[in-house]
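Enquirer: Please read through the structure below; I'll follow up with questions.
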Amino acid sequence: MTKHIFITGGVVSGLGKGITAASLAYLLKSRGYTVAMQKFDPYLNVDPGTMSPYQHGEVYVTDDGTETDLDLGHYERFAGVNCDRHSNYTSGKIYSSVIAREREGGYLGATVQMIPHITDEIKTAIRSAAKPGIDIVISEIGGTAGDIESLPFLEAVRQFKNEAGPCNAMVIHLTLVPYIKSVGEMKTKPSQQSVSILHNIGIFPDMLVCRTETAMEAEQRRKLSLFCNVPDEFVIEERDVQHSIYEVPQELAERGMDAKVLGLLKLPVNESHLDDWHELLNRVLHPERTCRIALVGKYAGLRDAYKSIFESFAHAGIALHTKVECDMLEAEELEADCSKLSGYDGILVPGGFGARGIAGKIAALQYARTHRMPCLGICLGLQCMVIEYARNVLGYADADSTEFNPETTHPVIDLMPDQRGIASKGGTMRLGAYPCTLVEGTRAAELYGQRQISERHRHRFEFNNAYRDTLAAAGLSISGISPDDTLVEMVELSDHPFYVGCQFHPEFKSRPFAPHPLFVGLVKASLKVRGER
Ligand code: GLN
């Protein structure tokens, strides 16, 4: 029978519930258990696909094309679990399926209510993750205890735990134990209050995980145990890590969290195998060299908007014993003057939507192309590479994407015919995994070391096939194509140290133990070119 772990949050948001959940999953997997993970988000959007990165950070895309919360990136990367459409549910998704069923007459004349209809739908969603062969499901409940919006989810957790019976489901409450400088003390009151909110709604957490700045003392632990009704040994400290999130699993393992969780679920505490992780952490903490990459984007200052890209650079760095320092540069600021880029070893132009910052991205790409600086263009980045080449090499002055200029006389990037006229915004993109064939003899084929690949997409616009031959004849090689030859997936310059564009998002598939070849390729080329300078 599958066991369930629910992770709730208290006091404030942003405590790193996703990293904690993913770290726990990794530790349980390293003791031989199969783990599935899912996240419940209390907002009303059906998925985060229509939300601005300012609201939500990156939208993470799974193989099956679900647009999800960025925490799912941590689940896939840290815990090595595969996520799908059962891995992320929002209130919007839950409510809309209940309402759709009501319209179809699916409730046989009943008054459709929060309890039991919404809570039943949530419990069905929880069960959907417990596929055959899965030993443990970890479900993260977004939001903070006390939020109006997360109440139906917490009520469903209460019911689920009660129905599952003792030792089959448990609740871990992640909370903050702040250090108050003026009194020189750590305070447990906010955690006591947030646990009492859970008690009021019938949830009695089995374990507290306390985010702290410094070491917790016995006195604080005793107080938390007493007031929160959690045995002392299940009050776990999760202190701020010094250098890297890759320290979290080790930190939690040292506190015995995974063994204690297994004890509470009455599962055998098998031997754990963490050697690979220790080696990985060692490489993160002791790099042999550094490499400086400029990320030319439009959400500078908002690292969450490019979360998977930063992680992919960390993975490439681990493989190459290199610390990759990736700075975000505001594309708009490069529009008039790109000289800032000379301080970097390589450039990455990420995906994005809308016209703001396009001129700066195109200027940065022209700089990279003409200064022979290694450069990777992702999705919108590839599209800007094509526009830049058409304008500055072919001389098509108004070449553009119809996303930015519907009147252009050279629509080098355009909607596919079947996309034109679609007015709906949610869920209408090319989403998820698509196969791609790499062209023999290209850098792309060399980097991947294989001809057939599968990568994840999230975009509406495509390379316009009417310009394929002209651009290729002018030197912009097409190195990746859909197997039916209809969609250009990759471009590159053969007479450049590294100038590669991809229509897909490689950052979603990079893993700590399996770095993505395009990121490794960019960092390698950047180190090489710097060495030659
Ligand atoms: N805005 C572009 C499109 O829709 C690129 C999207 C992206 O970079 N993810 O095609």
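The values are calculated or read from the model by the stated rules, or taken from the named source; none is laboratory data. The shown structure was predicted, so the numbers you read here are calculated from the model rather than taken from an experiment. As a convention, Cβ positions derive from the backbone with ideal geometry for all residues, glycine included, and neighbour counts pool all protein chains shown.
Enquirer: Across segment 333-358, what is the total count of residues that are in contact with a helix residue (DSSP H, G or I) (Cβ under 9 Å, 6 or more places away or on another chain) and more than 12 Å from the ligand (Cβ to nearest atom)?
Expert: Going residue by residue through segment 333-358, those that are in contact with a helix residue (DSSP H, G or I) (Cβ under 9 Å, 6 or more places away or on another chain) are 333-342, 344-353, 356-358.
This time we only want the ones that are more than 12 Å from the ligand (Cβ to nearest atom), so: 333-342, 344-348.
The total comes to 15.
Enquirer: Continuing with this model, one more query. Every residue in segment 409-430 that is at pLDDT 95 or above, in contact with a strand residue (DSSP E or B) (Cβ under 8 Å, 6 or more places away or on another chain) and either aliphatic (A, V, I, L, M) or surrounded by fewer than 18 Cβ atoms within 10 Å (Cβ to Cβ) (or both), please.
Expert: Answer for segment 409-430, where residues must be at pLDDT 95 or above, in contact with a strand residue (DSSP E or B) (Cβ under 8 Å, 6 or more places away or on another chain) and either aliphatic (A, V, I, L, M) or surrounded by fewer than 18 Cβ atoms within 10 Å (Cβ to Cβ) (or both): Val412, Ile413.
Enquirer: Right, another one. Go through segment 73-111 and give me each residue that's of a type in the set (S, T, N, Q) and free of Cβ contacts under 8 Å to residues at least 24 places away in the same chain. Outline the logic, then answer.
Expert: Taking segment 73-111 first, the residues of a type in the set (S, T, N, Q) are 82, 87-88, 90-91, 96-97, 111.
Correct list: Asn82, Thr111.
Enquirer: In addition: Looking at segment 359-374, is at least one residue within 16 Å of the ligand (Cβ to nearest atom), out of contact with any Cys (no Cβ under 8 Å at 6 or more places or on another chain) and over 17 Å from Gln503 (Cβ atoms)? Give the steps one after another, and end with the answer.
Expert: Of segment 359-374, the ones within 16 Å of the ligand (Cβ to nearest atom) are 359-362, 364-365.
Narrowing the set further to residues that are out of contact with any Cys (no Cβ under 8 Å at 6 or more places or on another chain) leaves 359-360.
After this cut, where a residue has to be over 17 Å from Gln503 (Cβ atoms) as well, the list is 359-360.
Yes, that holds for at least one residue.
Enquirer: Related question: Counting only residues that are touching a residue at least 40 places away in the same chain (Cβ under 8 Å) and among the β-branched types (Val, Ile, Thr), which one in segment 474-519 is surrounded by the fewest Cβ atoms within 10 Å (Cβ to Cβ)?
Expert: Going through the qualifying residues, I end up with Ile481.
Enquirer: Let me ask something else about it. Could you please find all residues in segment 21-52 being more than 26 Å from Glu121 (Cα to Cα) and in contact (Cβ under 8 Å) with a residue 24 or more places away in the chain? Even if it seems obvious, please write down each step before you answer.
Expert: Step one: of segment 21-52, the residues more than 26 Å from Glu121 (Cα to Cα) are 23-24, 26-33, 52.
Those that are more than 26 Å from Glu121 (Cα to Cα) and in contact (Cβ under 8 Å) with a residue 24 or more places away in the chain: Ser23, Leu24, Tyr26, Leu27, Leu28, Lys29, Ser30, Arg31, Gly32, Tyr33.
Enquirer: Out of all the residues in segment 459-470, is one or more touching a Cys at 6+ places or on another chain (Cβ under 8 Å) and crowded, with 22+ Cβ neighbours inside 10 Å? Break it down stepwise before answering.
Expert: The first filter runs over segment 459-470 and keeps only residues touching a Cys at 6+ places or on another chain (Cβ under 8 Å), leaving 459.
Going one step further and asking which of them are crowded, with 22+ Cβ neighbours inside 10 Å, we end up with none.
No - not one qualifying residue is present in segment 459-470.
Enquirer: Right, next: Does segment 314-339 hold any residues that are closer than 14 Å to Val349 by Cβ and outside any loop (DSSP other than H, G, I, E, B), and which are they?
Expert: Once the filter is applied, which keeps residues that are closer than 14 Å to Val349 by Cβ and outside any loop (DSSP other than H, G, I, E, B), segment 314-339 yields Cys326, Asp327, Met328, Leu329, Glu330, Ala331, Glu332, Leu334.
Enquirer: Out of the residues in segment 328-355 that are surrounded by fewer than 16 Cβ atoms within 10 Å (Cβ to Cβ) and hydroxyl-bearing (Ser, Thr, Tyr), state the one that is modelled with the lowest pLDDT.
Expert: Filtering first and then ranking leaves Ser339.
Here is a yes/no grid of residues against (1) buried (at least 20 other Cβ atoms within 10 Å of the Cβ); (2) at pLDDT below 95; (3) in contact with a Gly (Cβ under 6 Å, 6 or more places away or on another chain):
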| residue | (1), (2), (3) |
| --- | --- |
| Ser91 | yes, no, no |
| Ser96 | no, no, no |
| Ile122 | yes, no, no |
| Arg127 | no, no, no |
| Ile141 | yes, no, no |
| Gly146 | no, yes, no |
| Val157 | yes, no, no |
| Ile180 | no, yes, no |
| Val195 | yes, no, no |
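Enquirer: Checking Asn168 against (1) closer than 21 Å to Val261 by Cα; (2) touching an Asp or Glu at 6+ places or on another chain (Cβ under 8 Å): exactly one of these is not met. Which one?
Expert: (2)
Enquirer: Continuing with this model, one more query. Checking the conditions here, which among Ala474, Ala444, Ala466 is closer than 30 Å to Val284 by Cβ and more than 16 Å from the ligand (Cβ to nearest atom)? Quick ask: steps written out before the conclusion?
Expert: Working: Ala474 fails: closer than 30 Å to Val284 by Cβ; Ala466 fails: closer than 30 Å to Val284 by Cβ.
Within the list Ala474, Ala444, Ala466, the selection yields Ala444.
Enquirer: On to the next question. So which helices (runs of 4 or more DSSP H) stay within segment 86-183 end to end and still have 3 or more residues that are of a type in the set (Ser, Thr, Tyr)? Please lay out each step first, then the result.
Expert: Values: elements: 91-103, 119-128, 151-164.
Ranges flagged: 91-103, 119-128.
Enquirer: Could you tell me whether any residue of segment 369-377 is within 27 Å of the chain's Cα centre (by Cα), aliphatic (A, V, I, L, M) and modelled with pLDDT of 95 or more? Don't jump to the end; show me each part of the working.
Expert: Pass one, segment 369-377, residues within 27 Å of the chain's Cα centre (by Cα): 374-377.
Subsequent filtering for residues that are aliphatic (A, V, I, L, M) retains 376.
Right, trim to modelled with pLDDT of 95 or more and you get 376.
Within segment 369-377 (the criterion being within 27 Å of the chain's Cα centre (by Cα), aliphatic (A, V, I, L, M) and modelled with pLDDT of 95 or more), the answer is yes, since at least one residue qualifies.
Enquirer: For segment 197-227, give me each residue that is within 19 Å of Thr144 (Cα to Cα) and without any contact (Cβ under 8 Å) to a residue 24 or more places away in the chain.
Expert: Hit for segment 197-227 is Asn200, nothing else.
Enquirer: Regarding Glu102, is this residue buried (at least 16 other Cβ atoms within 10 Å of the Cβ), in contact with a helix residue (DSSP H, G or I) (Cβ under 9 Å, 6 or more places away or on another chain) and within 26 Å of Ile148 (Cα to Cα)? I'd like the intermediate steps shown before the answer.
Expert: On the way: buried (at least 16 other Cβ atoms within 10 Å of the Cβ): no; in contact with a helix residue (DSSP H, G or I) (Cβ under 9 Å, 6 or more places away or on another chain): yes; within 26 Å of Ile148 (Cα to Cα): yes.
Here the answer is no, as Glu102 does not meet what is asked.
Enquirer: Restricting to segment 375-408, name every residue that is buried (at least 19 other Cβ atoms within 10 Å of the Cβ) and within 10 Å of the ligand (Cβ to nearest atom).
Expert: Those that are buried (at least 19 other Cβ atoms within 10 Å of the Cβ) and within 10 Å of the ligand (Cβ to nearest atom): Gly377, Ile378, Cys379, Leu380, Gly381, Leu382, Gln383, Cys384, Ser401, Glu403.
Enquirer: Also: Would you check which residues across segment 431-444 are within 26 Å of the chain's Cα centre (by Cα) and not in a strand (DSSP E or B) and list them?
Expert: Result: Ala444, single match.
Enquirer: Also: Assuming Lys39 fulfils every condition listed in (1) in a strand (DSSP E or B); (2) at pLDDT below 95 apart from one, which condition is it?
Expert: If we test Lys39 against (1) in a strand (DSSP E or B); (2) at pLDDT below 95, just (2) comes out false.
Enquirer: Restricting the first residue to segment 374-397 and requiring it to be free of Cβ contacts under 8 Å to residues at least 24 places away in the same chain, which pairs with a second residue that is among the small types (Gly, Ala, Ser) and away from the ligand (no atom under 15 Å from the Cβ) meet a Cβ separation below 8 Å and a spacing of at least six or different chains?
Expert: Short answer, once both residue conditions are applied: Tyr396/Ala390.
Enquirer: I'm trying to understand the selection: among the residues of segment 463-495, which are in contact with a strand residue (DSSP E or B) (Cβ under 8 Å, 6 or more places away or on another chain) and assigned to a loop (DSSP other than H, G, I, E, B)?
Expert: Correct list: Asn464, Gly475, Ser482, Pro483, Leu487, Ser494.
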